[in-house]
Amino acid sequence: MVEHGINATHAVVTLDVALPGIIWGWMITLNMWAKSVGTGVILIGAYLLYRHKKEDMPNLRWLMPLISFIFLNIFLLFTLTDLHHPYRMVNIFLHPHWTSAITVGAWMASLFTALITVLMVIGGLDAFPEAGRHSGPAKSLRANSALYEKLFPFVVFLAIPVTLYTAIIMAESSARELWQAPTELMQMLLAAFMAGSAALIFISNDWTREARKDLSLVLAMSVFFSFTMYMGEYFFSFKSAEAEATLEYVHTGGAYNVQFWMAMALGYIAPFFLSVSNMKSDNKTLMRFAAILALIGLYLAKDVWLKIPQMLSLS
């Protein structure tokens, strides 16, 4: 806060005080949630294209980059909105400091979004060949497909650091013992698998049963391991006094106890059993319900895990 100013020199004297309340709120939660969807559909889509023929998933090659493009722009929009001086964002590109995780992440996210845009256009031309009929449909389709195949490995490669770099930023925050880099890295990756498989479930109606079964498997495995990590931290974080004090907000009687367990039940426990069951029954409606629960639960869990460390006074 400002203590006083000196008119003659325009100097401002400030006092370093603890910021009260939650600084990273719902915007950052939505930011991380949208980024998980945007990167997750690419990672899971790459796995499916490796496992199955593209004819088994007829709409994947153009809907996958379209979904990613939409959610990446939500991620970038709320990143920019949360800044106190959004116009300063340009300095990341004009005067980059490569030792900063924010700078590196911004460059990677921008490049990733640009490549996704190209894939979305190519995928759209392949799905709707009449849009490019003036250049010769057959020749155009072959050229587009070849370019798609060349760019896609780079997009998959970039999806990994783009979904992980937020964990590095959180781990760099001083006196936030709950945001440890190794744990957060794994949780970010599992969130991408979870959100990506959930999002792709909504476009899988015309896919083969084997492809949908793989989606169910990925969702089940990702929610299982993510839930296991949350439970490990919930019950065994007694080595750090700050982490233990932070988790009091989700332990019995804590301010975020209800939201935390609602997130675990809706986003992790229920989707796990629904996904395992669906691997045998192939019930499309049930899987869409599991996907909705997973996306809601992921948002709630991210919201709790982001806010509770900020509720401890750092002074």
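With the cut-off at 1.5 for a/c, could you classify the stretch 143-299 from its C-alpha gyration tensor as rounded, prolate or oblate? Write down the numbers at each step before the final one.
On the way: a/c = 3.02, a/b = 1.40, b/c = 2.15.
Oblate, since a/c reaches 1.5 and b/c is not below a/b.
What does the charge count around Phe71 come to, taking other residues whose C-beta lies under 15 Å from its C-beta (Lys +1, Arg +1, Asp -1, Glu -1)?
On the way: positive: Lys35, Lys302; negative: none.
Surrounding charge for Phe71 is +2.
What shape does the stretch 24-311 take by its C-alpha gyration tensor, where a ≥ b ≥ c are the square roots of the eigenvalues and a/c under 1.5 counts as rounded, a/b above b/c as prolate, and the rest as oblate?
Oblate shape, in that a/c is at least 1.5 and b/c is the bigger or equal ratio.
With each pseudo-label sitting 7 Å past Cα toward Cβ, what's the Thr252-Val90 distance in nm, one decimal?
Result: 5.8 nm between the two label points.
For the stretch 24-311, what relative contact order do you get, as a whole percent, if you take Cα pairs closer than 8 Å and at least 6 residues apart? Walk me through the numbers on the way to the answer.
Working: 377 pairs, mean separation 69.7, N = 288.
After rounding, I find 24 percent.
Could you tell me how far the Cα centroid of the stretch 178-228 sits from the Cα centroid of the stretch 266-295, in Å?
Cα centroid of the stretch 266-295 versus Cα centroid of the stretch 178-228: 11 Å apart.
Can you tally the net charge around Met188? Count Lys and Arg as +1, Asp and Glu as -1, for every other residue whose Cβ sits under 11 Å from the Cβ of Met188. Walk me through the numbers on the way to the answer.
Details: positive: Lys35, Lys302; negative: Glu184.
After counting each charged neighbour, the total is +1.
Please rank Asp282, Asp56, fewest neighbouring Cβ atoms within 10 Å first, as an exposure proxy. Present the calculation step by step, with values, prior to reporting the outcome.
Details: Asp282 13, Asp56 17.
So the ranking, lowest neighbour count to highest, is Asp282, Asp56.
Net charge within 12 Å of Gly267 by Cβ-Cβ distance, Lys/Arg positive one each and Asp/Glu negative one each, not counting Gly267 itself? Don't skip to the end; give the middle numbers.
On the way: positive: Lys302; negative: Asp303.
Summing Lys and Arg as +1 and Asp and Glu as -1 gives 0.
If R0 is 25 Å, what FRET efficiency do you get for Lys53 and Ile292 from their C-beta distance, rounded to 0.05? Walk me through the numbers on the way to the answer.
Values: r = 28 Å, r/R0 = 1.14.
Using R0 = 25 Å, I get an efficiency of 0.30.
What order do you get for Arg176, Arg61, Arg51 when you list them from fewest to most C-beta neighbours inside 10 Å?
Working: Arg176 17, Arg61 20, Arg51 12.
So the ranking, lowest neighbour count to highest, is Arg51, Arg176, Arg61.
If the label point is 7 Å along Cα→Cβ of Ala171, which residues in the stretch 25-47 have backbone nitrogen under 13 Å from it?
Within reach of a label on Ala171: no residues.
Each value in this text was obtained by applying a stated rule to the coordinates, not by laboratory testing. Here the structure is a predicted model, which is why all the values come from computation and not from measurement. Please note: Cβ atoms are built from the backbone with ideal geometry, for glycine as well, and neighbour counts cover all protein chains shown.
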